[in-house]
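Worksheet for the structure shown next.
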Amino acid sequence: MDTEEKLKFFDYIKKDTDMPDLPKEEERELWERIGHLNRQSDRRRLRRLPTIVAAAAVCLLLVAGRYAFYDKADDEVDYVALMQETEQHDERTADKIQLILSDNKKISIDGKEAKVIYGKTGRVSINDHIDLEELAGKEKEVYNRLVVPENKRSLITLGDGTKLWVNSSTRVLYPVAFRPDRREIYVEGEIYLEVSRDEARPFIVKTGQVDIRVLGTSFNVSAPADEPDLQVVLVDGRVEIVREGKEADVLSPNQLFSYNRQTERRLISSVDVMDYIAWKDGYYTFSRQFLSVVLGKLGKYYGVRFTWDDRIKLMTCSGKLDLKDDLSEVLKTLERTAPIIIGRTEENVYTIHVKP
Amino acid sequence: MQKEDESRRMWIRFLSGDNGAYEWLYTEHVGPLYRYGLHFGVGAEGVEDCIQEVFAGIYRNRKRQAVPEHVATYLMVSLKNCLLRSRQRIDRTREAETDGALDFLLEPTVEDTFIDNEQEENRRKAIEQILDLLTPRQKEILYYRYIRELEMEDVCRLMELSYQSAQNLIQRSLKKIRENFKKTPSDWV
């Protein structure tokens with residue numbers, strides 16, 4: 001049977017699209033039944049918890065003598081839950097930078113960059129003109145969240161003087177005023193920090209599975225919510241990377257810590273830090289970086305996707321790309337520096353070929 | 001394939017405890033899964049029960065789950081396994097002498113505008129006759145490969161066959177169609 005005939009025969013068979021749909025109300029009903037089952041299994045899990053906690057306590061006792069353990073405080077904040085509880089329905093899809101205040105009020109900020117500054121007393125200024133008061137809670141921390149979509153960036157100055165550059169496709173959650181014993185923020189995405197020194201209050205960047213602990217230093221954290229890869233690059237000072245139940249990793253300046261949150265593989269290597277932090281000044285520099293890595297970063301920044309053939313994978317390139325340029329300008333620069341041709345196949349999808 | 005990429009991203013978020021991502025996975029996949037399940041001839045209710053089991057199952061086991069290589073196929077395999085298990089339960093209670101295998105339904109298309117057309121009716125009958133000659137597994141594999149147009153890798157997973165055995169089964173099925181396709185009047189193709 002040749003291909004032509006084969007296709008013809010199958011053309012006469014009912015496609016799934018001709019099959020009856022699951023009616024919308026039954027789809028909802030089914031979803032509720034699933035939710036009911038899930039709540040049951042959650043309850044069963046909770047009932048099992050005491051034994052797990054007991055076992056964990058024993059392990060802790062066994063190892064406490066050997067490692068200086070980062071003791072898990074009982075007043076630990078569940079940031080993932082906090083994010084979920086307060087998430088607004090259009091938060092991830094909006095194309096403006098959004099500041100979400102403690103009362104869940106949302107401020108949308110126009111432009112490609114937002115500058116948000118917190119005063120010591122809870123005064124907030126946005127792009128030097130909007131002023132508002134966020135009252136720091138006496139009993140409980142009060143949180144704000146900055147959501148930066150694709151193709152945008154922001155700079156936050158926190159009450160303690162710490163500066164936070166926030167890259168595109170990133171959400172940061174932080175208290176309006178830090179607690180007396182430690183400074184904690186939570187991030188999904190990429191930030192660069194210049195932490196002001198405070199020996200009495202360590203600064204901790206939480207990312208879900210990994211905590212980065214510092215006293216005062218500059219470093220870059222990349223922990224996208226939808227990818228397993230986490231990277232920390234240290235510019236100066238010292239950071240400790242803490243994973244639950246594991247001995248902490250200590251980074252020295254110019255070192256990159258890369259970690260796969262799924263496989264739990266980690267690697268520390270020496271790098272040119274500018275390759276990792278130049279984005280905060282609006283450009284990317286690359287020295288002998290894999291083209292696939294460069295394209296990955298550009299895709300995230302401009303909110304587009306690239307496909308390439310395997311020969312591109314091992315190509316490296318060096319140079320500097322100005323992120324203030326339009327994507328088309330950036331791609332033209334790339335085409336000039338590497339032997340590649342970039343074509344556009346559909347809206348937001350680009351295909352890269354090696355020049356023949 | 002963009003949908004598959006999105007599904008993988010959502011699956012990672014779901015594993016880290018994001019219930020919004022879990023709901024996204026359900027909403028995105030429930031329709032195609034339902035229509036796929038109907039092919040096994042167990043009725044709408046049986047399919048819905050198994051979809052419930054599949055989604056409650058991935059939630060129950062999310063702490064020890066990995067991200068599947070191909071989300072859509074993974075869900076299809078899970079649904080099929082569930083349908084197979086419930087079929088075996090039914091057979092046991094009825095003490096039926098079956099091997100617990102599932103039928104696989106394929107039907108000719110019916111164009112509403114031609115419903116009274118004799119030629120159309122002949123075409124439909126001829127296709128039906130050819131389909132009747134195929135075993136359930138032959139129909140199933142042809143469905144994956146030529147109607148859903150899945151990659152061989154996914155076809156093998158769904159059929160639990162090695163690449164070579166899957167190829168053989170496809171070739172045998174196509175041969176059967178070819179032999180009978182020739183015998184039928186050519187005016188309907």
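The values are calculated or read from the model by the stated rules, or taken from the named source; none is laboratory data. What you see is a predicted model; the values in this text were computed from it and never measured. Ideal geometry is used to build each Cβ from the backbone, glycine not excepted, and the neighbour counts take in all protein chains shown.
Residue-by-condition table, conditions (1) more than 17 Å from B:Tyr59 (Cβ to Cβ); (2) modelled with pLDDT under 80:
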| position | (1), (2) |
| --- | --- |
| A:Thr3 | yes, yes |
| A:Leu7 | yes, yes |
| A:Lys15 | yes, no |
| A:Asp18 | yes, yes |
| A:Leu22 | yes, no |
| A:Glu26 | yes, no |
| A:Glu32 | no, no |
| A:His36 | no, no |
| A:Arg48 | no, yes |
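Exactly one residue among A:Thr121, A:Thr157, A:Thr162 is crowded, with 21+ Cβ neighbours inside 10 Å, of a type in the set (S, T, N, Q) and in the same structural domain as A:Leu99 (by TED's automatic domain parsing), and that residue is A:Thr162. Residue count for segment A:169-183, restricted to those that are at pLDDT 90 or above and farther than 17 Å from A:Leu101 by Cα: 1. Give me the residue from segment B:48-66 that is β-branched (Val, Ile, Thr) and in contact with a Leu (Cβ under 7 Å, 6 or more places away or on another chain) and, out of that set, nearest to the other protein chains (Cβ to nearest Cβ). Checked segment B:48-66; the qualifying residue nearest to the other protein chains (Cβ to nearest Cβ) is B:Ile51. The set of residues in segment B:11-26 that are more than 8 Å from every other protein chain (Cβ to nearest Cβ) and without any contact (Cβ under 8 Å) to a residue 60 or more places away in the chain comprises B:Phe14, B:Leu15, B:Ala21, B:Tyr22, B:Trp24, B:Leu25. Note on segment B:29-45: among residues that are crowded, with 18+ Cβ neighbours inside 10 Å and more than 10 Å from the chain's Cα centre (by Cα), the one that is nearest to B:Glu140 (Cα to Cα) is B:Val42. Among the numbered conditions (1) in a helix (DSSP H, G or I); (2) within 9 Å of chain A (Cβ to nearest Cβ), the only one that B:Glu45 does not meet is (2). Go through (1) touching an Asp or Glu at 6+ places or on another chain (Cβ under 6 Å); (2) more than 7 Å from chain A (Cβ to nearest Cβ) and name the single condition B:Arg35 misses. Condition not satisfied by B:Arg35: (2). Of the residues making up segment A:328-356, those that are in contact with a Pro (Cβ under 7 Å, 6 or more places away or on another chain) and surrounded by 12 or more Cβ atoms within 10 Å (Cβ to Cβ) number 1.
Annotation: A:Ala94 fulfils all but one of (1) closer than 24 Å to B:Gly17 by Cβ; (2) loosely packed, with under 15 Cβ neighbours inside 10 Å; (3) modelled with pLDDT of 90 or more; the unmet one is (3).
Among the residues of segment A:202-220, are any surrounded by 18 or more Cβ atoms within 10 Å (Cβ to Cβ), over 20 Å from A:Asp78 (Cα atoms) and within 17 Å of the chain's Cα centre (by Cα)? Yes, segment A:202-220 contains at least one residue that is surrounded by 18 or more Cβ atoms within 10 Å (Cβ to Cβ), over 20 Å from A:Asp78 (Cα atoms) and within 17 Å of the chain's Cα centre (by Cα).
Where strands (runs of 3 or more DSSP E) fall entirely within segment A:138-192, those with at least 1 residues that are farther than 20 Å from A:Asp281 by Cα are at A:143-148, A:170-175.
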